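Heads up, the thing below is written out as structure tokens.
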Amino acid sequence: MAKQNLVPAGKVKLLDFDPNYTGGFTKATARAEESKLEERLAELQERLYAGRQAALLIVLQGMDTAGKDGAIEHVFDVINPNGLRVANFKVPTSEELAHDFLWRIHKEAPEKGYIGIFNRSHYEDVLVVRVNKLVPESVWKARYEQINHFEHILAASGTRILKFYLHISKDEQKERLQARLEDPAKHWKFNVGDLKVREQWDEYMNAYEDALSNCNMPYAPWYIVPANKKWYRNLVITRTIVETLEQMNLQFPQSEDLSGVVIPD
Ligand code: ADP
């Protein structure tokens, strides 16, 4: 089983990645490590926001119940909300469908200084769209290259891109759906339509493997996050974001000389 989260070059086989992997952490040690990292995350985000030199785009993808919403709730709770933009991509509207598939996506790309989170993304256009044959094969097949070009444009204009595939097992999904069914407070999250998607599990895995293999560029890498354990999922995402922000060498903007300033009474 592969232990690395960063997707290696070449064809990805999801069966080689264990959704239960926890890197030797327990729930307690993972939480302790994550809270240390969260302090650093808050500091780094402040620099990103103050400096306005670059942006960070985080793409979250995964099957229903994989934890996209949960990750957003837990990983980013330390961040100044002013510097955060979350975009949720649902079934496209008729206006969106009348444009190219990247039109609605590009509008939500974060500006410099911001962290942008895509809860679902342009990858739906090679996932649900492919599995449900919403466009001809020639159309979705061309999209891998189009996505690479698009992400290259973002990267070349100062956006760091991290893409996380939250990897849960089919059994774990069943348990999570069952838990939603049994808890009236979670019924709002239960969508009977999700059961059809579950029936298409293998087709989705194939589509994910192609998306992860074909769109894994150095300027926009994919990470496979073992997500059966929520606490490990959160740790991997937080750690990857902190490491990335550290590499970005973010600086506070040069301030004017304040040495002679006196605050008037
Ligand atoms: P979520 O499951 O993300 O919490 P919803 O239950 O509203 O939110 O689901 C959003 C739905 O929109 C998903 O079924 C997803 O597959 C669908 N969707 C997103 N993007 C597209 C797209 N480009 N084409 C078709 N369906 C899409």
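For the range 2-247, with all protein chains in place and a probe radius of 1.4 Å, 51% of the accessible heavy-atom surface sits on carbon or sulfur.
At full extension, residue 246 and residue 96 could sit 50.4 nm farther apart than now, given 0.36 nm per residue minus the alpha carbon distance.
Take the Cα of residue 178, step 7 Å toward its Cβ, do the same at residue 46, and the gap between the two points is 4.6 nm. Surface analysis of the range 2-247 yields an accessible area of 49 Å² per residue, using protein heavy atoms and a 1.4 Å probe.
In the chain, the longest principal axis of the Cα atoms and the axis of helix 230-247 are about 40 degrees apart.
For the range 170-230 versus the range 1-75, the spacing of their alpha-carbon centroids is 16 Å. Distant-in-sequence amide contacts of residue 117, defined by a placed amide H-H separation under 5 Å and a gap of 5 or more residues or a different chain, comprise 58, 85, 86, 87.
Secondary structure note: in the chain, about 10% of the DSSP beta bridges are antiparallel. For residue 142 and residue 80, the difference between the fully extended length at 0.36 nm per residue and the C-alpha to C-alpha distance is 18.5 nm.
Seen against the Cα atoms of the chain and their longest principal axis, helix 137-156 is set at about 10 degrees.
Give the residue from 225, 201, 149 lying farthest towards the positive end of the charge dipole for the chain; charges sit on Cβ (+1 for Lys and Arg, -1 for Asp and Glu) and the dipole is referred to the Cα centre. Result: 201. Simple point charges give the picture: +1 on the Cβ of Lys and Arg, -1 on the Cβ of Asp and Glu, and for the chain a dipole about the Cα centre of about 540 debye.
Adding -39500 (n - 2.57) for every DSSP H run of four residues or longer, then dividing by how many residues the chain holds, sets the calculated 222 nm ellipticity at -13500 deg cm²/dmol. The angle separating the long axis of helix 201-214 from the principal Cα axis of greatest extent in the chain is about 50 degrees.
State to the nearest 20 debye the size of the charge dipole of the range 116-265 about its Cα centre, where the only charges are +1 on K and R beta carbons and -1 on D and E beta carbons. Don't skip to the answer; put the middle values down first.
Details: 19 positive and 21 negative charges, 125 e Å.
Taking the Cα centre of the range 116-265 as origin, the dipole is about 600 debye.
With 0.36 nm allotted per residue and the present C-alpha distance subtracted, the residue 153-residue 209 stretch has 17.8 nm of extension available. A probe of 1.4 angstrom, applied to the heavy atoms of all protein chains, finds residue 210 with accessible area near 40 square angstrom. Each of 128, 86, 255 was scored by the projection of its Cα onto the charge dipole of the chain, and the greatest displacement toward the positive side belongs to 128; charges sit on the C-beta of Lys, Arg, Asp and Glu. Put 157, 213 in order of accessible area, highest first, and with a 1.4 Å probe you get 157, 213. Legend: Rg and Dmax of the chain, from Cα coordinates, 19.7, 71 Å. Residues 238, 22, ordered by accessible area of protein heavy atoms at a 1.4 angstrom probe radius and largest first, appear as 22, 238. Only protein heavy atoms count here; on that basis, with a 1.4 Å probe, residue 26 has an accessible area of about 70 Å². The shape of the range 79-203 comes out oblate: with a ≥ b ≥ c from the C-alpha gyration tensor, a/c is at least 1.5 while a/b does not beat b/c. When a/c reaches 1.5 or more, the comparison of a/b and b/c decides; with that in mind, is the range 1-148 rounded, prolate or oblate per its Cα gyration tensor? Judged from the Cα gyration tensor, the range 1-148 comes out oblate (a/c at least 1.5, b/c at or above a/b).
The values are calculated or read from the model by the stated rules, or taken from the named source; none is laboratory data. Keep in mind that this is a model prediction, so the values were computed, not measured. Here Cβ is always computed from backbone atoms with ideal geometry, including for glycine, and neighbour counts include all displayed protein chains. In case anyone asks, the SASA skips ligands and DNA or RNA and just uses the protein heavy atoms, side chains included. Shrake-Rupley method; radii C 1.70, N 1.55, O 1.52, S 1.80 Å.
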